[in-house]
Each structure stands twice: as structure tokens, then as C-alpha cells.
Amino acid sequence: MTALIGEGPYRHPHIDPLAALRAPGDPPWDVYLTGTVFLDIIFTGLDSAPVRGTESWARGMGSSPGGVANMATALARLGLKTSLAAAFGDDHYGEYCWDALEQGEGIDLSPSRTVPHWHSPVTVSMAYEGERTMVSHGHEPPPEEPAPACPPRARAAVASLTPGHRAPWISEAAGRGTRIFADVSWDDTGAWDLAGLSDLACCEAFLPNAEEAMRYTRTDCPRAAAHRLAELVPLAVVTLGAEGAYAVDGRTGEAASVPAIAVEALDPTGAGDVFVAGFVTGTLAEWPLADRLAFAGLTAALSVQEFGGSLSAPGWSEVGAWWRKVQSYENQDPAALRRYAFLEDLVPEEEIPPWPRRRAVPTIGFRRSA
């Protein structure tokens, strides 16, 4: 059961996927997260990787908030009340990112702060041949942690675990009933020791990619790795790239596998964040495990067809337009349609734009028309 909640900052109908579950006394936020916000500058339409000593021209370019903003935007566009704690520079980049997230996406930034004389981190991303290459620049981060010692009450939080490092806010939030969904950063030490992920014990769900899962569990099969991880966390989800995703519910023993949707990728930046946001949405809405995986994969597939990490995240209009479009194809695989039939009761009947949608190319500094 869902409810339309009107025209939001994203300028098309939002759906509240948790409408049937909301009750007085609920936490004020559905999801809390913290991390670093980057200004992303994205080049697309490159024929190949840049070659040393030559100049390459990109057919497309965009800019958008990146880093943790990718996840925050993806969650907000799926109708979840999202709160973000982050540090923002007091330069034009920081101002642009703050306004894009707060005014453009309706994300709560009350736990965030602007840091005087701090240069906003910047990432340049070059997309080609379905892959990406990134160059980042940033000054030393502010000495104060952007995460408050006592994070706001929320149904869930999304965290990125760092090997050998404990984030005190995770156990604090989990102790207050917040469900923690976590991915993990690459282990540069090469140890790949699960004992080094001390915050894993606080997590509701762990969502590594196949390579990370196999290294941590010392297995040679992603599915075997998922079952091993499900002994440590209630939900283990392993992303398999072009093969989709596989998940195991450690409490019930249920397993689910959903293939990926084949699309032509314009820019894969932020696709992993969109996948996590889709899975968090389905979990909080109490959907069946396979539906959560299918929805997460769909939202990620829709995102890679657009510019940027945060601005490419789909909302319900994009999901609805895709669902109506695939049903219109002749000779469509009935089994594939059944896999996504759960969308029928979720997407709005009215105000569905044509698919594919064209979006404004993101940029900074256009003058406003009088």
C-alpha cells in the first residue's frame, strides 16, 4: 500500500512506500547517513580512456553533488525521509551542493555544517566503455567529525564500514533501534579479516560486492560467500555485476537471486549507492526478499542511463514509466514481467511521463531568466 504525497522538490509525484506502516511516535527520519560530499564533474561519451600526451573531447558533461550525496539523493527520491550529516565547504562548490540537496531534493541537513575556509572535495569522473575512471582532489577534512555523537532517531541508517576502524555512531544508533545497512570500503591492507569489521555486529544487512564477499569469507563462489556472511548478519546481499544480485536471510534461511537488467550505460557513477537505496526502501516497506533485490537492481539500471551519481537516481516517475513501457513491448518474456509485477500496486496511474525521460543537463552557474 502506498500513498501519493504530492509534488515534491523533485518536481514529479512522490510516493511514500512506508505509508501503511507509519504510526504516531515513529522516528522523525526514515534513514540517517553521514560521510563526505564531493562536487562531481562527469565527462561522458568518450570513445576510449584518455591517452597520455593527447587531448580527448567528451560528448557530454555534467556536475552534481557526489560522495555520500549519491546515497542521500537516491533515498529521498524513493520517498524516504532522509537526514544527512556532512561537512560542506564555504566555497561556491559547497554552496551549490548544499542547495541541490536541501532545496532540490528535500534532504534534511540540520546535522550538517558549513566549514569556513575549507575547500570542497572534487571528483572528475570519465565514463567510457561501460566503466569509469576518477580523479579526486580534497584538502584535509575538518578536525571535527561530521557525524553527531548522538545521531537523530531514524528507522534505518546506511554506513560504509572501514576495515580496522570503528565508527562510534553506528553502535549508538543501533542501540536506539536504528537498523544499520552497510557496505564496505576496499581493504588496502590485504588482510580481509572479518574481525576487523567490528561494526558488522551492529548491522541489519551487509551488502558487499562479489569480490569483497569472497575475499572476506575465503570462498571462491559469491553465493557461498553470501551464506557464510548470513551467519554473521541477518541479511547478506552480494552484488554480482552483470549477473544481478544474490541475498540470504540468515534468520529464515531464505535465499533469492535476481538477474541484472541489460541496459546501455551512459555513466555508472553511483549505481551501487542507488542499489543500496532501493534495497533499504524495500526492506523498510517489508517487501519479500526477491522483490527487494529486483527493485534495487531496477533502480540501479535506470541510474546508469543518466548523468551523474546523485542526479541520475530515479524517482517513482521513472520507475513507473519503465514499468508501463516494458509491458507495451510485443513478445515480452512473461516470466520477466512476473518478476516485476509487484510494481503494479506501487507506481502511480496518473502523471507518468513518457519513457525514456530527458533530463536537464546538470551544471553550475546558469543565469536565471528574468
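The values are calculated or read from the model by the stated rules, or taken from the named source; none is laboratory data. Remember, predicted model here, so these are calculated numbers, not experimental data. Cβ atoms come from the backbone with ideal geometry, glycine included; neighbour counts cover every protein chain shown. Accessible surface is based on the protein model in full, side chains and every heavy atom, while ligands, DNA and RNA are left aside. Shrake-Rupley method; radii C 1.70, N 1.55, O 1.52, S 1.80 Å.
Summary table
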quantity: Selected from GLY190, TRP287, ALA245, residue furthest toward positive end of dipole (region 138-295; charges at beta carbon); calculated: TRP287
quantity: Interchain or long-range residues, amide H under 5 Å from TRP29's placed H; calculated: ARG155
quantity: Rule-of-thumb Rg ratio for region 28-142 [Cα; 2.2 N^0.38 Å; N residues]; calculated: 1.17
quantity: Filtered GluC sites (Glu not before Pro), region 52-129: DSSP coil and at most 11 other beta carbons within 10 Å; calculated: GLU55, GLU129
quantity: Where chymotrypsin sites (Phe, Trp or Tyr not before Pro) fall in DSSP loop in region 51-141, at most 11 other Cβ within 10 Å; calculated: TRP57
quantity: Rounded accessible area of ASP291 (nearest 10 Å², 1.4 Å probe); calculated: 30 Å²
quantity: Three-way shape call for the chain based on the alpha-carbon gyration tensor, with the a/c threshold at 1.5; calculated: rounded
quantity: Dipole magnitude of the chain, debye to nearest 20 (Cβ charges: Lys/Arg +1, Asp/Glu -1, about Cα centre); calculated: 300 debye
quantity: Antiparallel bridges, percent of DSSP beta bridges restricted to the chain (to nearest 5); calculated: 50 percent
quantity: Accessible area (Å², 1.4 Å probe, nearest 10) - LEU311; calculated: 50 Å²
quantity: Loop GluC sites (Glu not before Pro), region 180-237 (other Cβ atoms within 10 Å of the site Cβ: 13 or fewer; DSSP); calculated: GLU231
quantity: Interchain or long-range residues, amide H under 5 Å from GLY244's placed H; calculated: ALA260
quantity: For ALA262, net neighbour charge (Lys/Arg +1, Asp/Glu -1) across residues whose Cβ lies under 13 Å away; calculated: -3
quantity: Estimated vicinal HN-Hα couplings, Hz - region 89-96 in sequence order (Karplus 6.51, -1.76, 1.60; Gly, Pro = x); calculated: x, 9, 8, 5, 4, x, 5, 4
quantity: Charge-dipole axis of the chain as Lys and Arg at +1 and Asp and Glu at -1 on Cβ define it, positive-most pick from HIS92, ALA313, MET214; calculated: ALA313
quantity: Dipole-positive endmost among TRP29, LEU101, PRO65 within the chain (Cβ charges, Cα centre); calculated: TRP29
quantity: Surface accessible to a 1.4 Å probe, HIS227 within the full protein complex, Å²; calculated: 80 Å²
quantity: Per-residue [θ]222 nm for the chain (sum of -39500 (n - 2.57) over DSSP H runs n ≥ 4, rounded to 500); calculated: -8000 deg cm²/dmol
